[in-house]
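Read through the structure below, which is laid out as structure tokens, and then see the notes.
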Amino acid sequence: MKKWIRLKYTKWYNILKDGISTNNPIVISVLGICSALAITNKVSNALAMGIGVTFVIIASSAVISLLRNVIPSKVRMIAYMVIISVFVIAVDMFLQGFFPTIAKSLGAYVGLIITNCIVMGRAEAFAVKNPLKYTLVDGFASGLGYTIVLLLVASVREILAFGTWFNLPVMSQGFTTWTIMAMAPGGFFVLGLFVWIIRELTKYYEEAV
């Protein structure tokens, strides 16, 4: 009995660890790069997007896991898209209703969660093959791994680009802002730096062909 419980929690821990580090959606799997570059000039935007994507991954993966024995294999991709779309629309309506400023800043990128490879990838790679209890952990882990990277990138970019963090001043008045950090090239540089750091820490290296 104790061995079974230990194995059970070990699996949950491994799923959580993989989503955050060894199988991080952005820095290891290289998914969701567009949003990681487009909305990380402000920490508030990154947090909203991270929470939204995490919710969509968990909710859509849970439904797919529950229906995995019902969805015909020939139409599974279409079914995934329909299920994911429902939750993305819910997130979009929630942001527009309660956080209109953030919704305006994120623009079309909230709607594009539907095509985010992270969401579809977890549905196809994990949710459709595993029971609900593990699918929920996997969805949370993938969303958390995505959100952590967004927040790290956004923190560096916002501080250097605007002298603020979460819209609060953190630099002296004489600080010269780095305009490039508010633009896509700055995002590429910071994200590339974090990809290198996290891959070094996780000892993940791609072998040359």
Gaussian network model of the chain, Cα springs within a sub-10 Å range: biggest mean-square fluctuation belongs to which of 160, 67, 31?
67
Go through 170, 190, 50 and say which Cα lies farthest out towards the positive end of the charge dipole of the range 25-202; charges sit on Cβ, +1 for Lys and Arg, -1 for Asp and Glu.
50
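Roughly speaking, what is the stretch gain from residue 90 to residue 151, that is 0.36 nm per residue apart minus the C-alpha to C-alpha distance, in nm to one decimal? If you can, show how the numbers build up before the last one.
Numbers: separation 61, 0.36 × 61 = 21.96 nm, distance 2.28 nm.
That works out to 19.7 nm of additional length.
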State, to one decimal in nm, how far the label point of residue 99 lies from the label point of residue 166, with both points 7 Å from Cα in the Cβ direction.
1.2
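For 190, 110, what's the fewest-to-most ordering of other Cβ within 10 Å of each Cβ?
Details: 190 21, 110 25.
Going from least to most buried by this count: 190, 110.
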Given pairs 74/104; 17/129; 104/133 and cut-off 29 Å on Cα-Cα distance, the over-length ones are 74/104; 104/133
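How much net charge surrounds residue 123 when only the other residues with a Cβ under 15 Å from the Cβ of residue 123 are counted, with Lys and Arg +1 and Asp and Glu -1? Can you show the working numbers first?
Working: positive: 68, 76, 122, 129; negative: 124, 138.
After counting each charged neighbour, the total is +2.
With +1 on each Lys and Arg Cβ and -1 on each Asp and Glu Cβ, and nothing else charged, work out how big the dipole of the range 25-202 is about its Cα centre, in Debye to the nearest 20. Could the numbers behind the result be given before it?
Working: 10 positive and 5 negative charges, 77 e Å.
Dipole magnitude for the range 25-202 comes out near 380 debye.
For the chain, what does -39500 (n - 2.57) per DSSP helix run (n ≥ 4), summed and divided by total residues, give at 222 nm, in deg cm²/dmol to the nearest 500?
Numbers: 8 runs with 135 residues, N = 209.
Taken over the chain, the calculation gives -21500 deg cm²/dmol.
Every number in this text was worked out from the coordinates using simple rules, so none of it is lab data. Computed from a prediction, not measured in an experiment: that's the story for all the values here. Cβ coordinates were reconstructed from backbone atoms using ideal geometry, including for glycine residues, and neighbour counts include every protein chain displayed.
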